[in-house]
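The values are calculated or read from the model by the stated rules, or taken from the named source; none is laboratory data. This structure is a prediction, so every number in the text was calculated from the model and none was measured. Every residue, glycine among them, receives a Cβ derived from its backbone with ideal geometry; neighbour counts consider all protein chains shown. Heads up: the accessible areas ignore ligands, DNA and RNA and are worked out on the full protein's heavy atoms, side chains in. Shrake-Rupley method; radii C 1.70, N 1.55, O 1.52, S 1.80 Å.
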Amino acid sequence: MAQKLNAAQRTEALAALTEWQPVVDRDAIIRTYRFADFSTAFGFMCRAALVAEKMDHHPEWLNVYNRVEVTLTTHDAGGLTALDIKLATALDAIAAGN
Ligand code: H2B
């Protein structure tokens with residue numbers, strides 16, 4: 001099972017994920033993506049879902065029109081692990097069109 005990140009690993013990993021914020025009162029990170037419209041937002045979610053399924057690591061997310069709010073944590077580990085960092089990095093790349 002993936003291990004929770006220690007303080008040093010967390011600081012290092014989050015330094016590269018500048019748009020992600022720690023969630024208050026929970027060992028998780030959150031980012032809100034905004035797209036041009038619903039179609040673009042849903043396209044992002046479709047691509048993200050395929051990556052998440054392949055990783056067997058899944059986001060908690062909320063979509064309202066062009067906004068997608070994503071929370072990442074590893075339920076099995078009860079907190080943030082390298083899997084969340086990997087998925088956050090992949091989602092940022094998809095959102096950037098890469
Ligand atoms: N996603 C996330 N975010 N955390 C998990 O602990 C997790 C998951 N566990 N996706 C996976 C699925 C697990 O439930 C299955 C059985 O592999």
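Take ILE85, ILE29 and sort them by solvent-accessible surface of the protein heavy atoms, 1.4 Å probe, largest at the top. Walk me through the numbers on the way to the answer.
Values: ILE85 30, ILE29 0 Å².
The ordering from most to least exposed comes out as ILE85, ILE29.
Calculate, for ARG67 and ARG26, the FRET efficiency according to 1/(1 + (r/R0)^6) with r their C-beta to C-beta distance and R0 25 Å; round to the nearest 0.05. Provide the component values of the computation, followed by the final result.
Numbers: r = 20 Å, r/R0 = 0.81.
With R0 = 25 Å, the Cβ-Cβ based efficiency is 0.75.
Excluding ARG10 itself, what net charge comes from residues whose Cβ is under 11 Å from its Cβ, given Lys and Arg +1 and Asp and Glu -1? Display every interim value, and only then the final one.
Values: positive: LYS4; negative: GLU12, ASP27, ASP84.
Summing Lys/Arg as +1 and Asp/Glu as -1 gives -2.
Quote the relative contact order of region 15-98 in percent (integer), defining contacts as alpha-carbon pairs under 8 Å separated by 6+ residues.
31
Ignoring everything except DSSP H segments at least 4 long, calculate the 222 nm mean residue ellipticity for the chain; use -39,500 (n - 2.57) per segment, divide by total residues, nearest 500.
On the way: 3 runs with 42 residues, N = 98.
Dividing the helical sum by the residues of the chain leaves -14000 deg cm²/dmol.
Compute the length gained on full extension between ASN6 and ALA36: take 0.36 nm times their separation in residues and subtract their Cα-Cα distance, giving the result in nm to one decimal.
Numbers: separation 30, 0.36 × 30 = 10.80 nm, distance 3.69 nm.
Between ASN6 and ALA36, full extension yields 7.1 nm more.
Using the Karplus equation 6.51 cos²θ - 1.76 cosθ + 1.60 (θ = phi - 60°), what ³J(HN,Hα) coupling, rounded to whole Hz, does each residue of region 22-37 give in order, writing x for Gly and Pro?
Listing the rounded values in order: x, 7, 5, 6, 7, 8, 7, 10, 9, 9, 9, 9, 10, 10, 5, 6 Hz.
When the Debye formula is applied to the Cα atoms of the chain, each taken as the same point scatterer, what base-10 log of I(q)/I(0) results at q = 0.16, 0.22 Å⁻¹?
Ignoring solvent entirely, the Cα scatterers give -0.63, -1.16.
How large is the charge dipole for the chain, taken about the Cα centre, if only the Cβ atoms of Lys, Arg (+1) and Asp, Glu (-1) carry charge, to the nearest 20 debye?
On the way: 9 positive and 12 negative charges, 28 e Å.
It works out to roughly 140 debye.
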